[in-house]
1. Mind sorting TYR219, TYR98, TYR77, TYR69 by how few other Cβ atoms lie within 10 Å of their own Cβ, fewest first?
2. With the contact rule set at Cα under 8 Å and sequence spacing of 6 or more, what percent relative contact order holds for the chain?
3. Starting at 0 and stepping by 5 Å, how many percent of the alpha carbon pairs of the range 76-261 end up in each bin?
4. Can you find, among THR201, MET236, TYR98, the residue sitting farthest towards the positive end of the charge dipole of the chain, where Lys and Arg contribute +1 and Asp and Glu -1 at Cβ?
5. (i) 25, 53, 20, 1; (ii) 28, 58, 14, 0; (iii) 23, 45, 24, 8, 0: which one is P(r) over Cα pairs in 20 Å bins from 0, in percent as calculated from this entry?
6. What's the exposure ranking of HIS189, HIS334, going from fewest to most Cβ atoms within 10 Å?
7. Which aspartates and glutamates have a Cα less than 15 Å from the Cα of LYS99, not counting those fewer than 8 places away in the same chain?
8. For the range 76-261, what relative contact order do you get, as a whole percent, if you take Cα pairs closer than 8 Å and at least 6 residues apart?
Amino acid sequence: MDSEKSENPEIPLEIPPYGGNPKRRRDTSNYSVEDFAREIKETADKLVSDGANRGDIKLISSALKELRYCFKVFNNYKGRPKVTIFGSARTKPQEKLYKVAVDFGREIVKAGYMVITGAASGIMEAGHEGAEREMSIGVNIQLPFEQFANPIILGDQKLMTMKYFFTRKLMFVKETDAVVLFPGGFGTHDEGFEVLTLIQTGKSHMFPVVCLDEPGGTYWKLWDNFIREELLAKKMISPADLSLYSVTDDVNEAVREIQTFYRVYHSMRYVRGELVLRLKQSISPSTLEDIRAEYADICPSGNFELTKALPAEANEPALADLPRLKFKFDRRAHGRLRQLINHINRA
């Protein structure tokens, strides 16, 4: 999980250089760290030769510094699974929803996960309260109001404060193994829809998204109705896209949803045009045949094959012993891909 995320925050690896013609792909699979660092330096030099203004260069410089520092902090916790919690900064400690967030933070830590939040008050503080300081990570944002680090994470080496929302969002998604959305305002919806968009379009690794409410709450139920009655009914999304998230008002069910996603499935990686699903245990021949029959629609050529680690995966020795399922994914139907992962976990 972490090895894939750390190297490839956006899963499709074949990208055109410098915003060039997307038909002209380049293979960076053999690039070293030094090769990529050289490209960063060359790009910086081109900004100057292109005549970029001071504001543009300052933005890139600040963003790069923020990301470098965050990579350094998160690298200390590489290999430890993490859950990102989003929700309102205005939720008060006396509200039922606050207690639900505390309970979820506590229970997900028992399941072996660290908790990432925006580090502010409300739901973010509640998640950290349940997780406690040692298992909490904070990615704060500089704002003139509402966004001060909560007392659980304040002063901790795992607290990062960002200037830009886009760098902050990148860290939330890149470093997480699951996202849990609590009721919130514009920011919560922004973060939730961005996460779903990144998964739906294949610009992020696959992970569970859970919408968690207080017992009997209607916030996410009404939201889910809107998704179904407006987006789905008007064919703005596909039926399988509903598999990219789940809605519950039960903390234990939310925890189970995350644990079940990683019951057999481990991580994914594209290797020379094929999608490789790394598994914690192999699947049976009968399950393989079921997959070939049921998910042929997302494999336009070739077939689903069980395999060992491919030579191109040699840079991830920790995953070398995991069995693989590889196939030529159409890179479109990510809702169906999620259903395939669910099928593997059930089998």
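A short reminder: the numbers here are calculations on the coordinates, not readings from a lab. Values in this document were obtained by computation on a predicted structure and should not be read as measured data. Heads up, the Cβs are rebuilt from the backbone with ideal geometry, glycines too, and the neighbour counts pull from every protein chain shown.
1. Details: TYR219 19, TYR98 23, TYR77 16, TYR69 13.
By the 10 Å Cβ count, ascending, the order reads TYR69, TYR77, TYR219, TYR98.
2. Numbers: 565 pairs, mean separation 53.6, N = 347.
Relative contact order of the chain: 15 percent.
3. 1, 8, 18, 22, 22, 16, 8, 3, 1, 0
4. Going by the Cα projections, it comes out as THR201.
5. Label (ii) holds the value from this structure.
6. Numbers: HIS189 13, HIS334 25.
Fewest-to-most ranking of HIS189, HIS334: HIS189, HIS334.
7. Result set, ordered by chain and number: GLU107, GLU125, GLU129, GLU132, ASP213, GLU214, ASP249, ASP250.
8. Working: 342 pairs, mean separation 40.6, N = 186.
Answer for the range 76-261 is 22 percent.
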